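Trainee: Following this message is one structure expressed as structure tokens.
The values are calculated or read from the model by the stated rules, or taken from the named source; none is laboratory data. Quick caveat, the model's predicted, so the values are computed rather than measured. FYI the Cβ positions are ideal-geometry reconstructions off the backbone, even for glycines, and counts take in every protein chain you see. Heads up: the accessible areas ignore ligands, DNA and RNA and are worked out on the full protein's heavy atoms, side chains in. Shrake-Rupley method; radii C 1.70, N 1.55, O 1.52, S 1.80 Å.
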Number of protein chains: 2
Amino acid sequence: MKLTWLYRNFKSDLDLIEKELEEAVSSNSELVENASFKLLKAGGKRIRPVFVLLSAKFGDYRIETVKNVAMALELIHMASLVHDDVIDDANMRRGLPTINYIWDERVAMYTGDYILARSLEYMTDIPNPLLHKKLSKAIVEVCIGEIEQIKDKYWFDQPLRNYLRRIKRKTALLIAVSCELGAIAGNTEESIYRRLYRFGYFIGMSYQITDDILDFTSSEEELGKPAGDDLRQGNVTLPALYAMRDPQVKAKIEKVTHKTDKEEMSRIIKLIKDTGAIEQSHQLSRRYLDKALDILEELPESKAKRPLKEIANYIGRRRY
Amino acid sequence: MKLTWLYRNFKSDLDLIEKELEEAVSSNSELVENASFKLLKAGGKRIRPVFVLLSAKFGDYRIETVKNVAMALELIHMASLVHDDVIDDANMRRGLPTINYIWDERVAMYTGDYILARSLEYMTDIPNPLLHKKLSKAIVEVCIGEIEQIKDKYWFDQPLRNYLRRIKRKTALLIAVSCELGAIAGNTEESIYRRLYRFGYFIGMSYQITDDILDFTSSEEELGKPAGDDLRQGNVTLPALYAMRDPQVKAKIEKVTHKTDKEEMSRIIKLIKDTGAIEQSHQLSRRYLDKALDILEELPESKAKRPLKEIANYIGRRRY
């Protein structure tokens, strides 16, 4: 991973955001604080704050303004993770037990609500109605996406466009908005923040497809959960959709439930790999990435271009 | 109920809000729309919008501005009801099956998220940062309140102030904020919107205490659920807290669980009533109400005073 340049040049600002995140999730309720802290300490790549900061560099970068946008977006993302873990009945996240596992679903529901509410506080500190509007519309879309995801579970006949719309709402949208709002916070021209939105969207699509591939190709050790777990949970992703173009493979995949055991999952993963679905998925991810890189070329010169390109290439090459 | 004057004079504005609420919960996701609609059609008194409209009358009442505040507050309230029903594992709300009962907890969680997100969209349409700040702080408090409520379940030794803080966050705060933000939207002076906040706070405290009394004194037919259900769900309210000052009664109440049957609950309700706890609770509710009425007297003359007084008195006399 070649993001050292990035983290060196933004270290103090990223450290500041990390510190503020800690303060944000503290509360005068011990239970809320413990639950939120657990999540915060589990880490994460803080990819949304990074995109906010870098995008703001295309304009008038002021950390005081940009910071609140970065905070709001990371907190929204954290809140959605907590609610996702309830939906997926997940026990582990980033190698640590989830809030719904340690406490229960109800604590997780309200911890997510609390973190989301805190994100609004950061947002309202920014005196720019355009930012508020765009962010609240994005939250609506993310919520619709999550509820659609519940509906789509174990829907083996879903069209490809259904999958693409789902990962847009699940991942690409918030990354796109991170880039867009970072640029708006930096007071860039409309043509620039629109392009950064599209850059973020393509990066996000590529990123999520890679994530969905890794669920089949990584080891249990790397994932922190068994391989093929998405499919077992009914989350029908790109490799499975491609593989099901073979009717015989489809007949096997359609039988998967959350009770399917490890041995059977290993056989199914092998079947999927044998169809070439993994390679096809990599190709689609790569196409999105190339679109993102094309947009980057069109953007005016800025210190942020190099690190954005590095991140894009890191995402494209990521193997765990 | 003598609220006819109120509803006659505000009918067109309240109808407008009702129509907008319908539009607000519609979405391009059928599942979200069905779930939200169910809740909307179950009705409710729209008490928060009513307080917003009336409070705005102390200033420069413009329905276009005030409407968005009323919408945001009612949607926040609706979202919190959906999440509450998950917490309480409730099957019925206002005589209709809950979202978590018809679909499941996960759909309910995200429907609540969706409705909350929609409320933000309304909020961001108001170009007043003070409103945004106050509202987002209120949402944080409401969320902390809900999570504390989970912690407080079956805590029979909780002090009275713990109960009072809980109902403040659960009910009084959003009513206080409805009054405050309505007045701010009407551009009143600070002294007026501060007083209206306190008016709403006292009304809300009185209202919730009455609600908690009714859970013991109403019939199953009136409540749409068995009497004493709050206590069975571990929600230790004012009548129970007063009654437990008698150690023998306390010993009986402490044994209540969600498995306690109807006959045993009837015996316990009778015990509570025999201690005089219901009357004591009415007295405290009355004290809050009197404080609200005192504040009303201090407020400048306005068309809104009479209906606010009517609502206050209705809340004070409410017996189901």
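Trainee: Taking a 1.4 Å probe, which of A:TYR122, B:TYR114, A:TYR154, A:TYR61 shows the most accessible area, and what order do the others take after it?
Mentor: Putting A:TYR122, B:TYR114, A:TYR154, A:TYR61 in descending order of accessible area: A:TYR154, A:TYR61, A:TYR122, B:TYR114.
Trainee: Tell me, what is the percent relative contact order of the stretch B:220-273, built from C-alpha pairs under 8 Å that lie six or more residues apart?
Mentor: 39 percent
Trainee: For A:ARG306, place a label point 7 Å out from Cα along the Cα→Cβ vector, do the same in each other copy, and report the separations in nm, one decimal, smallest first.
Mentor: Copy-to-copy label distances for A:ARG306: 7.5 nm.
Trainee: Related question: Can you give the accessible area buried between chains B and A, summed over both chains, with a 1.4 Å probe, in Å² to the nearest 100?
Mentor: That pair of chains buries around 3800 Å² in total.
Trainee: Further question on the same structure: Taking every residue in A:145-158, how many Cβ atoms of other protein chains lie within 10 Å of its Cβ, on average?
Mentor: 3
Trainee: How do A:HIS258, B:HIS282 rank by accessible surface area computed with a 1.4 Å probe, from largest to smallest?
Mentor: Greatest to least solvent exposure: A:HIS258, B:HIS282.
Trainee: Could I ask something else about it? I need the inter-copy label distances for A:GLN283: point set 7 Å along Cα to C-beta, values in nm with one decimal, smallest first.
Mentor: Those label-point separations list as 8.2 nm.
Trainee: Once you order the gyration tensor axes a ≥ b ≥ c over the Cα atoms, which shape class does the stretch A:83-153 get: rounded for a/c under 1.5, otherwise prolate or oblate by comparing a/b with b/c?
Mentor: Judged from the Cα gyration tensor, the stretch A:83-153 comes out oblate (a/c at least 1.5, b/c at or above a/b).
Trainee: Another question, then. Would you kindly work out, in nm and rounded to one decimal, the distances from the label point of A:ARG245 to those of the same position in each other copy, ordered shortest first, with label points 7 Å along Cα-to-Cβ?
Mentor: Result, one decimal in nm: 7.7.
Trainee: Please compute, for peptide B:98-105, the average count of beta-carbon atoms on other protein chains lying within 10 Å of each residue's beta-carbon.
Mentor: Counting other chains' Cβ atoms within 10 Å and averaging over B:98-105 gives 1.
Trainee: Could you name the residue in chain B with the C-beta closest to the rotation axis that superposes chain B on chain A, along with the separation in whole Å?
Mentor: Nearest-to-axis residue on chain B, with distance in whole Å, is B:MET109, 3.
Trainee: Counting only the heavy atoms of the protein chains, how much of A:ARG287 is accessible to a 1.4 Å probe, in Å² to the nearest 10?
Mentor: Taking all protein chains as shown, A:ARG287 has close to 140 Å².
Trainee: Using a 1.4 angstrom probe on the protein heavy atoms only, line up A:ASP261, B:ASP212 by accessible area, largest first.
Mentor: A:ASP261, B:ASP212
Trainee: Please go through the stretch A:252-298 and write out the GluC sites (Glu not before Pro) that DSSP classes as loop and that have at most 16 other C-beta atoms within 10 Å.
Mentor: Sparse-neighbourhood loop GluC sites (Glu not before Pro): A:GLU254.
Trainee: Still on this structure, please answer the following. Run the numbers on chain A and let me know its relative contact order in percent, using alpha-carbon pairs under 8 Å that are six or more apart.
Mentor: 20 percent
Trainee: Here is a further query. Could you pull the accessible area for B:LYS133 with a 1.4 Å probe, rounded to 10 Å²?
Mentor: 90 Å²
Trainee: Relative to the longest principal Cα axis of chain B, at what angle does helix B:129-152 sit, 0 to 90 degrees, rounded to 10?
Mentor: 10 degrees
Trainee: Could you give the angle, 0 to 90 degrees to the nearest 10, between helix A:277-298's Cα long axis and the longest principal axis of the Cα atoms of chain A?
Mentor: That works out to roughly 20 degrees.
Trainee: Rounded, prolate or oblate: which fits chain B, taking a ≥ b ≥ c as square roots of the Cα gyration tensor eigenvalues, rounded meaning a/c under 1.5, else prolate when a/b beats b/c?
Mentor: oblate
Trainee: Place a point 7 Å from the Cα of A:LYS45 along the Cα-to-Cβ direction; which residues of the stretch A:203-233 have their backbone N under 15 Å from it?
Mentor: Within reach of a label on A:LYS45, which here means backbone N under 15 Å from a point 7 Å along Cα→Cβ, the stretch A:203-233 contributes A:203-215, A:223.
Trainee: Taking only Cα atoms, what is the 0 to 90° angle, nearest 10, from helix B:47-56's long axis to the longest principal axis of chain B?
Mentor: The angle comes out at about 40 degrees.
Trainee: Inside 10 Å of the C-beta atoms of B:85-91, what's the mean count of C-beta atoms belonging to other chains?
Mentor: The per-residue average across the peptide is 2.
Trainee: Placing unit charges on C-beta atoms (Lys and Arg positive, Asp and Glu negative, everything else neutral), compute the dipole magnitude of the stretch A:3-317 about its Cα centre in debye, rounded to 20.
Mentor: Charge dipole, the stretch A:3-317, about its Cα centre: 840 debye, nearest 20.
Trainee: I'd like to check one number: the per residue accessible area of the stretch B:3-317, probe 1.4 Å, reported in Å² as a whole number.
Mentor: Ligands and nucleic acids excluded, the result is 41 Å² per residue.
Trainee: Oh, and also: In deg cm²/dmol and to the nearest 500, what is the mean residue ellipticity at 222 nm of chain B if only DSSP H runs of at least 4 residues count, each as -39500 (n - 2.57), divided by the residue total?
Mentor: Helices in chain B give a 222 nm mean residue ellipticity of -23000 deg cm²/dmol.
Trainee: So, with +1 on the Cβ of K and R and -1 on the Cβ of D and E, and no other charges, what is the size of the charge dipole of the protein assembly as shown about its Cα centre, to the nearest 20 debye?
Mentor: Its charge dipole is roughly 480 debye.
Trainee: So what are the ³J(HN,Hα) numbers for the stretch B:300-317, from phi and the Karplus equation (6.51, -1.76, 1.60; θ = phi - 60°), rounded to whole Hz, Gly and Pro as x?
Mentor: The phi angles translate into x, 4, 6, 4, 7, 4, 4, x, 5, 5, 4, 5, 4, 5, 4, 4, x, 9 Hz.
Trainee: Now a separate question. To the nearest 20 debye, what is the magnitude of the charge dipole of the stretch B:43-137 about its Cα centre, counting +1 on the Cβ of each Lys and Arg and -1 on the Cβ of each Asp and Glu?
Mentor: With only Lys, Arg, Asp and Glu charged at Cβ, the dipole is about 500 debye.
Trainee: So if R0 is 56 Å, what FRET efficiency would A:ILE63 and B:LYS255 give, r being the distance between their Cβ atoms, rounded to the nearest 0.05?
Mentor: 0.45
Trainee: Something else now. With all protein chains present, how much of the accessible area of chain B (probe radius 1.4 Å) comes from carbon and sulfur, to the nearest whole percent?
Mentor: 48 percent
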